[in-house]
Each structure stands twice: as C-alpha cells, then as structure tokens.
Amino acid sequence: QQRRGYAAATDATPAPAGKVDPSSAAAASRRAMSALADKYDRTLVENIYRSSFKNQTGVSLKYMLDFGSQPIHRQLMVSAQFLHKELPVRFAHRVAELENLPLGLSSKAQVQTVRDWYVESYDELLKFPTVKTNEDEEKFTELIKRIMERHANVVPMIARGVLELKMEMAEKGGTRPGTGKKGLVAQINDLPEIQQFLDGFYMSRIGIRMLIGQHVALHEKDDTRGEDYIGLIHTKMSPLRVARDAIDDARSICMRQYGDAPEVEVFGDESFTFAYEPGHLHQMLFELVKNSLRAVSDKYADSDDDPPPIRLVIAEGAEDVTIKISDEGGGIRRSGLQRIWTYLYTTADSPLLEMDEHTPGPVVLAGYGYGLPLSRLYARYFGGDLQVISMDGYGTDAYLHLNRLGNVQEPLP
Ligand code: ADP
Ligand code: MG
C-alpha cells in the first residue's frame, strides 16, 4: 500500500537513505553530480545526490480539501513539516535532471542558472531547522515564499535555453531559418527528447508551485479570498465566472495588439460550482481564448464582414466538467496539428528572441508557443486533459476536461 499525502512524509518512518542502484542511470547521475562538485560544497552535492533517489510524495485535490477540515494551526504545522521534507526531494530530482539533459542542453547558460536556483533552494531548505513552533512555521513560510520568487522566471529561462539549442542545431544541420523573425521557430525541427524533458520538468514545477502556493495561502488566509477557500482551492468555484474573467483579460490583450477583439459568447449554468483551483482554470482558459481571438482576428483582418463570435460552452458531467472553446478562425492544418503540442511551436513572432538573460519577455497574444502544451499540463495535473480538434479552413474546437472528483494523485515526473 502506497503512503500518500502530507502524513506520509511527516510520519516517523524514515525515507530510505538513498536507495542507490547500480544501474547506468545512477552512474549517469553520479557523473552529473561530479560536475556540480566543481561549484558547490561536497556535502551539499552528496546530499542532493542522495535526495534525488528518494521517492516524491504526491497529493491530490481531494487530499488538500480533506486536509483543510482540520484546525488551521495544525494544518500549517503539518503542511510546513511535510514541505520541509518533500521540497528538497523534488528539487534534488530537478537538479539531477537538469544536469543530465540530452543534446548538450545542460551546458546552456540559462539551464545552469535555473539549476543553480534549485541547488540554492535545496540548500536553504536543508539548513532550515526542524519546524516545531508557530514561530518556526512563520519563518518557514517566509523562506518558501522567497524560493517561489527566485523560481518565478524558470519557464522563459528554460525556453530561451531550448531556443538557442534549437537554433544552433538548425544552423549546423544547414537549415537557414532566414532573417525574418516570422515563423522562424516553426521552421526548426522538433526534438522529441527535449519535448519529453520539458513536459516532465514543467509538470513538476506546477506541482511544486501548487504545494508552496497552497501553504502560503493557508497561512495568509485573507479577506480577499472568502470562507469558501481552502488555501488556493475554491470549494465553490464558478467556471462561468472564471471564464468571464479570462475572456476579459484575453480580449484586452487582443485589443491592444489588433485594435479590436472578436466577441466571445458564453454558455453555461450561472449557479454551477465545483471545487477547483481558479488560478489554474483562469490560466488555461486565458490561453485558449487568446488562441481563438488571434485566429479569428487574423482571418478577418482584411474582411468587411464582422468576425464570427467565439463560443465557450461549459458542460457539467458526473465525473468531468468540460469546457469547449469553438472558433471560426480557419483551423489548423493537419500537418501542423501534431506540432501544436510541442513547446516553442508557434506561428507568431517569438518574443523570446528579444529576451536577455535576466528579463522575461513581454505579455503578448501569442508567440511563446507554450500556451497549449502548458495548458494541457495544468489540466492533467488535477486529472483532466485538453484536446484540440481542427477543421482546416473553418475553425478549431478546444475541449478542456476537468476532473471534478479531484481524487487523482498529481503526476510525479
Ligand atoms: P502561441 O499561441 O504562443 O503560438 P500556442 O501553444 O498557444 O502558442 O499555440 C501554438 C500554435 O497553434 C499557434 O501559433 C497557432 O499556429 C496554432 N493554434 C492554436 N490555437 C489555434 C486556433 N484556435 N486556431 C488556429 N490556430 C491555432
Ligand atoms: Mg497561444
């Protein structure tokens, strides 16, 4: 029987002290760690290495909800103790992974910067004394908030590193991306092994940020979030209301870029609610609506006809809540359909090309090529999924499935 949830990591059973297996994976990890030893203290590197072989402990939405029925001071204490054990393990897995990437990606400056963030965060957590009193918990919360800030730009940073690698490979392979920025990224070959890494890496990041965010939200139980919240989870979230917010945000970006924005019609039961993390839903709908707005705006750019409205339908099922976003923006070619799930695939100008080592790129309607793959990860994180079906020449339907039972344990790459 698998031990789960916060309790699993905080009970008395010690985690196996580095179940080091003699496989080649372990050897590779050992080699990777020796590269770290040039830069960091030997004990720290040994600790990271050992932690990277411990199992991560998953939690589910339902678990977080059930946990929320306990007295708040107990929740905070148990949650802090859990995170104090669990976060270093998750960070160590990421360090080992970042040191072991294929195609020389590990040696890219951006990737090393990100790796250093994980090493530093690991180190700070390990140095933090056992959480026993409310004061300890208070300080611990401050620490994980700082960690969260340190890692804020991981996604664009890694994206930029991957982009550089892809451009280098394209040049070596004789592909001339051309001088224009337009569609440059779309011409570069996909790298399946990198795709696989990014899926796992970003999924892990979603999990880490959910755990930290949940603790901080429990700690800061404020008035902006009402009684119906348990941490970040809204126990009576109205998907319709979240959809309206996401549509407003997406349309205002569209307005800024195109001077106008197609209408979005919403269909759904005003009073329907279920327990979910509204931030995640907002993020996914925002990305999907932006994609539709862009497609419709482009298609009708030179037309005298009014652009047809985008339709967002919310369906309440027994297991799933499904949200469909339909547009008549011309669809996606079947040859391009596989690639929409790959990171960096975009048919817009990439703002990443302008990004330097420290500043993330601007908020734009499209161009990072991260909207769809990241949204799918958010959906899958809580047991849902995202599908895109296109009618080339007509339009696109995106189906976002959310698991409403919340009993699926987070995927742990
Ligand atoms: P980005 O929007 O930054 O390009 P996404 O991952 O959101 O990245 O989308 C990738 C690509 O998929 C887009 O550049 C576009 O070519 C295509 N796409 C996504 N959604 C739609 C849609 N609703 N209609 C037409 N094309 C779409
Ligand atoms: Mg997009």
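Here, each number is a calculation from the coordinates, and none is a lab measurement. Keep in mind it's a predicted model, so treat the numbers as computed, not measured. All Cβ positions, even for glycine, are placed from backbone atoms using ideal geometry, and neighbour counts span all protein chains on display.
Some observations on this one:
- Semi-axis lengths, largest first, of the ellipsoid equivalent to region 365-413 are 24, 14, 7 Å, with √(5λ) applied to each eigenvalue of the Cα gyration tensor.
- Expected 222 nm ellipticity per residue - DSSP helices of 4 or more, -39500 (n - 2.57), all of the chain, to 500: -16500 deg cm²/dmol
- Number of Lys pairs (Cα under 23 Å; 8 or more positions apart or on different chains) in region 28-139: 9
- Estimated distance in nm for a label pair at Thr133 and Glu193, the labels positioned 7 Å out from Cα along Cα-to-Cβ: 5.2 nm
- On the beta carbon distance between Glu265 and Asp385, with R0 = 22 Å, the FRET formula returns roughly 0.35.
- Placing unit charges on the Cβ atoms only, positive for Lys and Arg and negative for Asp and Glu, gives the chain a dipole magnitude near 1480 debye about its Cα centre.
- Label separation (Tyr394 vs Asp249): 3.2 nm, computed from points 7 Å beyond Cα along the C-beta direction.
- Ranking of Leu163, Leu240 by neighbouring Cβ atoms within 10 Å, starting from the fewest: Leu240, Leu163.
- Mean projected area of the Cα convex hull of region 112-158, taken over all directions, amounts to 3.2 nm².
- Cross-link partners for Lys299 among the lysines, with Cα-Cα distance under 25 Å and sequence neighbours closer than 8 places in the same chain left out: Lys181, Lys182, Lys290, Lys324.
- Couplings 3J(HN,Hα) of region 399-409, computed from phi: 10, 9, 9, 10, 7, 8, 7, x, 9, 8, 6 Hz, in residue order, whole Hz [Karplus 6.51 cos²θ - 1.76 cosθ + 1.60, θ = phi - 60°; x for Gly and Pro].
- Loop sites in region 264-344: trypsin sites (Lys or Arg not before Pro), DSSP, at most 12 other Cβ within 10 Å: Arg333
- Modelled this way, with points 7 Å down the Cα-to-C-beta line, the labels at Arg150 and His282 are 2.7 nm from one another.
- Column: log10 I(q)/I(0), Debye, Cα scatterers of the chain, q = 0.15 Å⁻¹: -1.48
- Kirkwood radius for region 254-373, taken over all pairs of different Cα atoms as the inverse mean of 1/r, rounds to 16.2 Å.
- Loop GluC sites (Glu not before Pro), region 313-413 (other Cβ atoms within 10 Å of the site Cβ: 16 or fewer; DSSP): Glu319, Glu357
- Extreme residue, positive dipole direction of the chain, given options Val162, Ala250, His219 (C-beta unit charges): Val162
- Among Gly58, Val89, Val114 - extreme Cα towards positive end, dipole of the chain, charges at beta-carbon: Val89
- Order of Glu120, Glu220, Glu227 - criterion: other Cβ atoms within 10 Å of each residue's Cβ, fewest first: Glu227, Glu220, Glu120
- When the inverse distances between all different Cα atoms of region 250-300 are averaged and flipped, the Kirkwood radius reads 12.4 angstrom.
- The chain: relative contact order as a whole-number percent, Cα under 8 Å and 6+ apart: 16 percent
- Cα principal axis extents for region 306-354, largest first, Å: 44, 34, 25
- Region 289-413: relative contact order in percent, alpha carbon pairs under 8 Å with at least 6 residues between: 29 percent
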